Amino acid sequence: MSAMGEVKTLTVGVGEDGVRLDRWLRRRWPHLGQTQIHKLARSGQLRVDGGRIKADTRLGAGQVVRVPPLPEGPPPRPDGLSSEDIRFARSLTLYEDDEVLILNKPAGLAVQGGTKTSRHIDRLLSAWGEGLSRPRLTHRLDRDTSGVLILGRTAAAAARLAQAFARRTAHKTYWAIVEGVPRPAAGVIDLSLAKTGLADRQRITPAAWGEEGAQSAATEYATLARSAAAAAAAWLALRPLTGRTHQLRAHMLALGHPILGDRKYATSSSLALSAGLPLQLHARRLVIPHPSGGLIDITAPLGPNLEAGLAKFGFDPQAASADPFD
């Protein structure tokens with residue numbers, strides 16, 4: 001039987017403001033199970049500022065948490081990151097301070113793991129530490145999409161960044177190469193989307209508003225250039241006004257201009273025009289309020305995937321407007 005510890009009295013830090021009690025505990029004692037935490041709360045052994053509290057109650061900075069003696073858990077598992085993994089993870093850094101970490105995610109690297117995915121951003125975050133030191137995801141990018149990915153260095157910072165996305169005070173600009181040239185050259189796609197199919201065969205498709213599972217979705221687009229070659233392609237800037245799964249890819253297919261290199265949201269002609277190109281979608285720029293005030297305005301350098309597409313169709317990446325939606 002594991003040895004028991006002693007009663008601890010801990011103060012909630014400024015960076016932990018708004019964190020649920022159960023999550024606050026598991027960051028310090030990862031071996032604690034949810035059932036065990038609920039039992040400790042119900043029995044009054046866990047207390048905040050001297051009073052009883054529920055396991056899912058959010059804590060405030062400066063509150064004092066009484067933690068009863070806990071059984072010791074197994075020694076922490078090594079994160080499994082090699083020195084090469086750590087160097088690679090840190091090489092992705094675009095910006096870093098005490099509250100924010102911004103990465104330039106490469107295409108082909110998933111943000112989170114799955115049954116067949118062992119190498120992903122979430123695992124590589126161990127390069128910055130574990131527990132309270134571990135950065136927290138605030139949004140996602142598709143595996144094959146490259147570009148700006150922002151994380152919170154504290155729970156409070158992550159919550160504020162996530163709120164910025166939810167309240168649409170964060171502005172993301174993507175670059176994409178699509179089949180054909182949109183008419184008009186700029187506009188807004190306002191088309192509800194719904195999930196169809198299961199697991200690996202799941203797709204996002206247009207849906208009528210009010211239809212079961214339908215979610216409102218809107219994307220602003222602007223044409224940056226069109227190819228001079230006989231095979232028509234256009235280089236676009238895309239700004240999602242909502243944050244639905246595969247929104248940009250599904251919206252461009254519905255508009256009749258699928259993103260090149262996309263095997264899932266494609267037409268036979270777009271597949272032919274792609275001619276081996278990987279997905280031509282890059283999260284180019286993010287403008288978002290900093291958790292402590294002010295504004296973050298960050299641009300991700302191009303990766304080899306979009307560089308290949310721009311070169312193939314003769315587009316000059318230096319010719320793009322800094323903000324085509326201004």
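The values are calculated or read from the model by the stated rules, or taken from the named source; none is laboratory data. Nothing here was measured: the structure is a model prediction, and the numbers come from that model. Glycine gets a Cβ as well: all are built from the backbone with ideal geometry, and neighbour counts include every protein chain shown. For accessibility, only protein heavy atoms count, side chains too; no ligands or nucleic acids. Shrake-Rupley method; radii C 1.70, N 1.55, O 1.52, S 1.80 Å.
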Exercise. Does anything in region 195-219 have its amide N under 12 Å from the 7 Å Cα→Cβ label point of R168, and if so which residues?
Worked result: 216-219
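Counting only protein heavy atoms, what percent of the accessible surface of region 222-297 is carbon or sulfur at a 1.4 Å probe?
Within region 222-297, the accessible surface is 55 percent carbon and sulfur.
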For this session: Distance between Cα centroids, region 94-127 to region 214-277: provide it in whole Å.
Result: 25
Seminar exercise, completed: Length-normalised contact order of the chain, Cα under 8 Å, at least 6 apart, in percent, tallies to 15
Problem set entry | Hydrodynamic radius of region 220-278 per Kirkwood, over alpha carbon pairs, in Å | 12.1
Seminar exercise, completed: Under Stokes-Einstein, the chain at 25 °C and 0.890 mPa s, with its Kirkwood radius over C-alpha pairs, diffuses with a coefficient in µm²/s of 111
Problem set entry | Rounded accessible area of H139 (nearest 10 Å², 1.4 Å probe) | 20
Exercise. Given 20 °C and 1.002 mPa s, how large is the Stokes-Einstein diffusion coefficient of region 188-230 in µm²/s, with Rh as the Kirkwood radius over Cα pairs?
Worked result: 171
Problem set entry | Accessible heavy-atom area order of W29, W175, highest first, probe of 1.4 Å | W29, W175
Exercise. What is the gain in length, in nm to one decimal, between K195 and S133 on full extension, counting 0.36 nm per residue of separation less the C-alpha to C-alpha distance?
Worked result: 18.8 nm
Exercise. With every protein chain in place, what's the accessible area of K264 (1.4 Å probe, Å², nearest 10)?
Worked result: 70
Problem set entry | Heavy-atom surface of the chain, accessible at 1.4 Å and reported per residue (Å²) | 50
For this session: Place a label point 7 angstrom from the Cα of D56 along the Cα-to-Cβ direction, then list the residues of region 142-185 whose backbone nitrogen is under 13 Å away.
Result: none
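What order, most packed first, do the peptides 126-137, 234-245 have when packing is the mean number of other Cβ atoms within 10 Å of each residue?
Going by the mean number of other Cβ atoms within 10 Å, highest first, we get 234-245, 126-137.
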Seminar exercise, completed: Two pseudo-spin positions, 7 Å from Cα along C-beta at A229 and at S82, lie apart in nanometres by 3.7
For this session: May I ask you to compute the full-extension gain from T93 to V181, defined as 0.36 nm times their residue separation minus their alpha-carbon distance, rounded to one decimal in nm?
Result: 28.2 nm
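Taking the Kirkwood radius as the inverse of the mean 1/r across Cα pairs, report the Rg/Rh of region 124-230. Provide the component values of the computation, followed by the final result.
Working: Rg = 18.1 Å, Rh = 17.4 Å.
Rounded to two decimals, Rg/Rh equals 1.04.
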For this session: Give the long-range amide H neighbours of H290: residues separated by 5 or more places, or on another chain, with amide H under 5 Å away, using H modelled in the peptide plane at 1.01 Å from N.
Result: L295, I296
Seminar exercise, completed: Residues whose modelled amide H sits under 5 Å from the amide H of D262, counting only those 5 or more places away in sequence or on another chain, are Q280
Exercise. Top mean-square fluctuation among G309, G213, G293, Gaussian network model of the chain, C-alpha springs under 10 Å?
Worked result: G293
Exercise. For D122 and Q215 in one chain, what is 0.36 nm times their gap in residues minus the Cα-Cα distance, to one decimal in nm?
Worked result: 30.8 nm
Exercise. What Kirkwood hydrodynamic radius do you get for region 178-326 when you take the inverse of the mean 1/r over all pairs of distinct Cα atoms, in Å?
Worked result: 16.4
For this session: With all protein chains present, calculate the accessible area of D49 using a 1.4 Å probe and round the result to the nearest 10 Å².
Result: 100
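Arrange the residues D98, D22 by how much accessible surface each exposes, largest first, with a 1.4 angstrom probe.
If we order D98, D22 from most to least accessible, we get D98, D22.
Within region 203-243, list the GluC sites (Glu not before Pro) lying in a DSSP loop whose Cβ has at most 13 other Cβ atoms in a 10 Å radius.
Hits after loop and neighbour filter: E211, E212.
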Problem set entry | Spatially proximal lysines relative to K39 (Cα-Cα < 18 Å; intrachain offsets below 8 disregarded) | K8, K54
